[in-house]
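Comments concern the structure below.
No value in this document is a laboratory result; all are computed from the given coordinates. Computed from a predicted structure; not experimentally measured. Here Cβ is always computed from backbone atoms with ideal geometry, including for glycine, and neighbour counts include all displayed protein chains.
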Amino acid sequence: MNDKKYILGGLLIFIVLFAFPFWFNLGKAAPAPNPVLSEKAKAAGKCVMPTEFMRAEHMKLLGMWRRSVVRHAKREFINPEGKQYTMSLQNTCLNCHDNKAKFCDKCHDYASVDVYCWDCHIDKSKGEE
Amino acid sequence: MDSSRRSVLKFFGLTALGLASRPVFNAFATEHGHSAMHFEKGAKALKAKQWAMVIDTRKFESADELEPIIEACNKAHNIPQFENKNHEIKWIWETEYHNAFPQSPNRFLSEEAEQRPYLVLCNHCENPPCCRACPTQATFKRESDGIVIMDFHRCIGCRFCMAACPFGSRSFNFRDPRPFIPELNKDYPTRMKGVVEKCNFCAERLAKGLEPACVEASEGAIVFGDLYDPESEVRKLLRENYTIRRKQSLGTEPCVYYIV
């Protein structure tokens, strides 16, 4: 057990190096995203589904919309309250949420989610592409 | 392995339980879990068993007359205009008789008919070879109205459909098309680099109760309707005129008919 100090010393250096990302970034957490609702969305009061549902499941809902529109030629969405909406990211969602940069991008950037919606769908809030 | 009577019985018992519970899991797993929401067709949507088109080529004398029709489609669907022919994107375009109907080998053809411009587009075949070639079912024959349509989200850009289509109706986006769209229609998406695209019989307009953009722009030279409704305008024209279709002998059953 003559090498005790080397072993312990080495272990300590290893742990410190291994934990580098943790202590280096300590206290530097990015602030939670704060998506801004547009005036139009505020005026409407509610989205096509309850806010909690939209927050957690909007991507799944969009997937269902896509399948219904493209595959089954059904383009009208009737929510549990019986209200009818045309299923269109570009013409319904963006109609209220008319500022992508202040709404969609806020959380997507924070969570490092790289969506490919905008490769094809046009962000109407911007001027000419 | 322990293969006593007891363990074998246990194994079969568990297997039976697993199989029996499958429907229960399926019930939980369906996307209709949110029982209250549902999807419907719009009240104004046009409906048909199989959409079809009749193009009266006698009404076109020069390629200039086709220009507004092609332009209407290009504008509605954000079709890019490339200088390089290899990158060209075409939904509906003009071609000459011998390219449109290579299998009509009659000699001493009416010169007038031979020199007419012909409009060609996706034939929305009843037996579409492109759909069989697609490995991801990004392109498929829609049950509800017979349109051969694409789900661009699913297209992986393998181009098997382009090889399978005998009409050259499909184009591939070799480049990002956005910078090459002359006038952006902000109500319709564009495509991205790496996907195939083609005519969709204006599915988005039919859903709103409108006829396809080319039909609207043709001022009566193109007629659109349900092939399986004997009372439809299309069937009336087919009854009253001699019509031909492109490469009919291949058996794809094109749904675009030409009065010549």
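Before moving on, here are some points about what is shown:
- As computed over the protein assembly as shown, the Cα convex hull volume per residue (Å³): 293
- Sequence-distant contacts, meaning Cα pairs under 8 Å at least 6 residues apart, place the relative contact order of chain A at 27 percent.
- Each Lys and Arg adds +1 at its Cβ and each Asp and Glu adds -1 at its Cβ; summed about the Cα centre, chain B shows a dipole of about 1600 debye.
- Estimated FRET transfer efficiency when R0 is 45 angstrom, pair B:His38-B:Phe12 (beta carbons, to 0.05): 0.60
- Comparing B:Asn99, B:Asn84, B:Asn173 in a Gaussian network model of chain B (Cα springs below 10 Å), the most mobile by mean-square fluctuation is B:Asn84.
- Nearest 10 degrees, 0 to 90: helix A:4-18 Cα axis against chain A principal axis: 20
- Of all DSSP beta bridges confined to the protein assembly as shown, the antiparallel ones make up roughly 85%.
- Modelled FRET efficiency - R0 22 Å, B:Asn241 with B:Glu112, Cβ distances, 0.05 increments: 0.85
- For peptides B:122-130, A:67-75, A:106-114, sequence by mean Cβ density within 10 Å, most packed first: B:122-130, A:67-75, A:106-114
- Per-peptide packing, taken as the mean over residues of other Cβ atoms within 10 Å, places B:198-205, A:38-45, B:148-155, B:247-254 in the sequence B:198-205, B:148-155, B:247-254, A:38-45 from highest down.
- Here r is the Cβ-Cβ distance between A:Ile7 and A:Val113 and R0 is 56 Å; the resulting FRET efficiency, rounded to 0.05, is 0.80.
- Per-residue extension of 0.36 nm, minus the Cα-Cα distance of B:Asp176 and B:Asn127, leaves a gain of 14.5 nm for this segment.
- Angle between chain B longest axis and helix B:5-29 axis [Cα atoms, degrees, rounded to 10]: 40
- Pairs of lysine residues in segment A:39-129 that meet both criteria, 8 or more places apart or on different chains and Cα atoms under 13 Å apart, total 4.
- Rounded to 10°, Cα long-axis angle of helix B:63-76 versus longest principal axis of chain B: 30
- Over every Cα atom in segment B:90-183, the radius of gyration and the widest Cα-Cα span, Dmax, amount to 16.1, 48 Å.
- Long-range lysine pairs (8 or more apart or interchain), segment B:51-259, Cα under 14 Å: 4
- Largest GNM mean-square fluctuation among B:Phe39, B:Phe172, B:Phe12, using chain B with Cα springs under 10 Å: B:Phe12.
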